[in-house]
């Protein structure tokens, strides 16, 4: 596949990583609603963790309300605790958290990170690391709603500044300020934008 083919490849589905809680500011849920609706209106399938609460539920509900397709992927132990969204286009049940991330990866052409807790952090770091290791070439967008992820960006820059990571590590993801920026950014980002060949752990 040529670089031109990569640039022309459409984004048909994205995984959204975000919190199962709503956070302490209305701007977080507003971002989730905006993202879900805008992805649906762009014809992009939402893949997410399958929950019905917090940011996760808001993204799913907004996408469904705008006529979009939403696929949830949830481990069985969370499903039996009645945390699963029951009105999705499709709900996939897996046997572990690791299997959940692998399935979401397989279903998606890219990844979007909204505000969330330690689970969201873990998901974001793993998918960034997979790209660093050249396990995928899919775009990763971090939505810096209200400056929420600025300290994460600063931390990753610190790994470069202190020579624990190479400068191309900064290019493994793209930061955007608002959920409104996501679809336009996805449309302009080619796959394989990062120079991951020279990145290192």
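What follows draws every value from the coordinates through simple rules; no lab data is involved. No experiment lies behind these values; they were computed from the predicted model shown. So basically every Cβ, Gly included, is an ideal-geometry build from the backbone, and we count neighbours across all protein chains shown.
Per-residue answers, yes or no, for (1) crowded, with 17+ Cβ neighbours inside 10 Å; (2) farther than 25 Å from residue 145 by Cα:
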{"site": "85", "(1), (2)": "yes, no"}
{"site": "89", "(1), (2)": "no, yes"}
{"site": "94", "(1), (2)": "yes, yes"}
{"site": "113", "(1), (2)": "yes, no"}
{"site": "120", "(1), (2)": "yes, no"}
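Residue-by-condition table, conditions (1) touching a residue at least 24 places away in the same chain (Cβ under 8 Å); (2) in contact with a helix residue (DSSP H, G or I) (Cβ under 6 Å, 6 or more places away or on another chain):
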site	(1), (2)
90	no, no
108	yes, no
120	yes, no
136	yes, yes
171	yes, no
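Matching residues to (1) touching a strand residue (DSSP E or B) at 6+ places or on another chain (Cβ under 8 Å); (2) closer than 21 Å to residue 25 by Cα:
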| site | (1), (2) |
| --- | --- |
| 101 | no, no |
| 112 | yes, yes |
| 116 | yes, yes |
| 124 | yes, no |
| 127 | yes, no |
### Message
If I filter the range 92-106 down to residues being touching a helix residue (DSSP H, G or I) at 6+ places or on another chain (Cβ under 8 Å) and touching a residue at least 24 places away in the same chain (Cβ under 8 Å), which single residue comes out as nearest to residue 189 (Cα to Cα)?
### Response
105
### Query
Taking the range 139-159 on its own, how many of its residues are crowded, with 20+ Cβ neighbours inside 10 Å, touching a residue at least 40 places away in the same chain (Cβ under 8 Å) and in a loop (DSSP other than H, G, I, E, B)?
1
### Message
Looking only at residues that are touching a strand residue (DSSP E or B) at 6+ places or on another chain (Cβ under 6 Å) and in a strand (DSSP E or B) in the range 25-63, which one is surrounded by the fewest Cβ atoms within 10 Å (Cβ to Cβ)?
### Response
45
